[in-house]
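The values are calculated or read from the model by the stated rules, or taken from the named source; none is laboratory data. None of these values were measured; they are calculated from a predicted model. When we count neighbours, we look across all protein chains shown, and the Cβ atoms used for this are built from the backbone with ideal geometry, even at glycine. The accessibility values were calculated without ligands, DNA or RNA, using every heavy atom of the protein model including side chains. Shrake-Rupley method; radii C 1.70, N 1.55, O 1.52, S 1.80 Å.
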Amino acid sequence: MSKKKKIIIVLLIIASVLCVYKILDLTSYNFVKARAVNYLCDKYDADKNEFELVDYKPSEFYISSSGEWAQQLAFSDYSFEFKYKNKNLFVNRYKGKFYDDYQIDDIEKWCTEWLQQNVDEKIIGISLKSNNIGFYQKNTKTNNKYILSKKDAEDFVINCYSKKYPNCIFYYDEKIDEKDYQEERDYIKNTINKKLNSHMEFQVKIINRQYLTRTVMKPKTENDSWDWYIEYSSWYK
C-alpha cells in the first residue's frame with residue numbers, strides 16, 4: 001500500500017471518529033449527561049456520585065417565529081436538572097459550553113445587599129433568572145467555570161442583563177402613594193445607573209406591606225431554566 005493511500009485511510013478514520021463524536025454530542029443522552037456531570041465536578045471540585053439527576057430536556061430542532069411572517073429553524077440543546085448538596089440546579093449547554101445556576105440564590109442575596117448599601121436601603125431584592133448568569137459570563141467574557149463571590153456583586157449587577165431580558169428590582173416603601181409610583185421608579189433607575197455609570201434597562205416594582213407579608217421573591221419556574229438559551233441554526237443565517 002502506497003504512503004498516499006495510508007494517509008487517506010488515516011484521514012478517513014479520523015473524519016469518521018469526529019463524525020460519530022459529533023452525532024453522539026447532539027443526540028446521545030448518556031454522552032451529553034456524562035459531559036455535564038464532568039463539567040460540574042470540575043467546577044465545584046466534587047465527585048460524580050454527588051450529583052443526582054432529577055430531570056432533563058433533550059435537544060431538538062424546531063421552527064421559531066422571529067416576526068409576523070419570518071420563521072427560522074432553531075435548535076434547543078440539552079438541559080439537565082440535578083440535585084447537589086440538597087439543592088436543585090439546572091445545567092444548560094450553549095454553543096458547546098455548559099452553564100449552571102447553582103449559585104443563583106447566593107448571587108441574588110449579594111446583589112440585594114450591595115444595592116441596599118450603595119443605592120437605597122429600601123431595596124429588598126433583585127429578581128434573577130438562570131440566564132442572567134449566562135449573560136454575565138458572556139458580557140464579561142468570564143470563564144463558565146468561574147465561581148462568583150460576594151465581591152463580584154457590583155460587577156454582576158452591571159453585566160447580568162440583556163436588552164431583551166431586563167432585571168426586576170423590588171423596592172419597598174409603604175409611604176409611597178400609588179400615584180407617585182412612576183416617579184419613584186424613575187428615581188431608583190436613575191440612582192442605580194448614576195451609581196454604576198451605566199444605562200441599564202430594568203424594571204422596578206414597588207412592593208407594599210401586604211405583598212411583603214406574602215412573599216418577596218417569586219419562585220422560579222421550570223421554563224425559566226429549561227429555556228435558558230436558544231441557538232439558531234447557521235443554515236438559516
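Laid out as a table, the results:
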| quantity | calculated |
| --- | --- |
| Loop-located GluC sites (Glu not before Pro) in segment 45-149 whose Cβ has at most 16 other Cβ within 10 Å (DSSP) | Glu68, Glu121 |
| Hits among aspartates and glutamates - C-alpha to C-alpha of Lys122 under 19 Å, sequence gap 8 or more where chains match | Glu108, Glu113, Glu154, Asp173, Glu174, Asp177, Glu178, Asp180, Glu183, Glu184, Asp186 |
| Segment 140-156 and segment 164-199: distance between their alpha carbon centers, rounded to Å | 24 Å |
| Tyr181 accessible area, assembled protein chains, probe 1.4 Å, Å² | 40 Å² |
| Prolate/oblate/rounded label for segment 110-171 (Cα gyration tensor, a/c 1.5) | oblate |
| Simple label model, 7 Å out from Cα along Cβ direction - Thr142 to Gln72, nm | 2.7 nm |
| Cross-link partners of Lys43 among aspartates and glutamates (Cα-Cα below 18 Å; sequence separation of 8 or more within a chain) | Glu52, Glu81, Asp100, Asp101, Asp105, Asp106, Asp152 |
| Distant-in-sequence amide H partners of Ser79 (H built 1.01 Å from N, under 5 Å) | Lys57 |
